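Working notes for the structure below.
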Amino acid sequence: MFSLGQTKGKKKTAAMVKDTKDKLKDVQITETVESGIRKDHHTRDIQHKVTARDQIKKNMDVNSK
């Protein structure tokens, strides 16, 4: 006889938790200063790697001329 109202309360609590989680998932991510800096660093690193690869290829071609 003790558990008569507990199921209804448990379902209500579960619905509230689900609703809260759904609200928290609906977030619009915008551009931030940190993401802009990170993007610049990433681009710079990629460009540096490309330059290094090209320089190695250029150094290898010197002997074949």
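log10 I(q)/I(0), Debye, Cα-only the chain, no solvent, q = 0.23, 0.25, 0.27 Å⁻¹?
Here log10 of I(q) over I(0) equals -0.96, -1.01, -1.05.
Using the Cα centre of region 8-65 as the reference point, and only Cβ charges (+1 on K/R, -1 on D/E), how large is the resulting charge dipole? Debye, rounded to the nearest 20.
My answer is approximately 580 debye.
For the charge dipole of the chain, defined by +1 on Lys and Arg C-beta atoms and -1 on Asp and Glu C-beta atoms about the Cα centroid, which residue among Val33, Met16, Thr43 has the Cα displaced farthest towards the positive pole?
Met16
With axes computed from alpha carbons, what is the tilt in degrees of helix 33-61 against the longest principal axis of the chain, rounded to the nearest 10 within 0 to 90?
30 degrees
Straight distance only, please: which lysines reach the Cα of Lys8 with their own Cα at less than 25 Å, same-chain residues fewer than 8 apart left out?
By straight Cα distance, Lys8 reaches Lys18, Lys21, Lys23.
Every number here is computed from the coordinates shown, using simple stated rules; none is lab data. Just so you know, these numbers come straight off a predicted model, no measurement behind them. Using ideal geometry, Cβ is built from the backbone for each residue, glycine included, and neighbour counts are taken over all protein chains shown.
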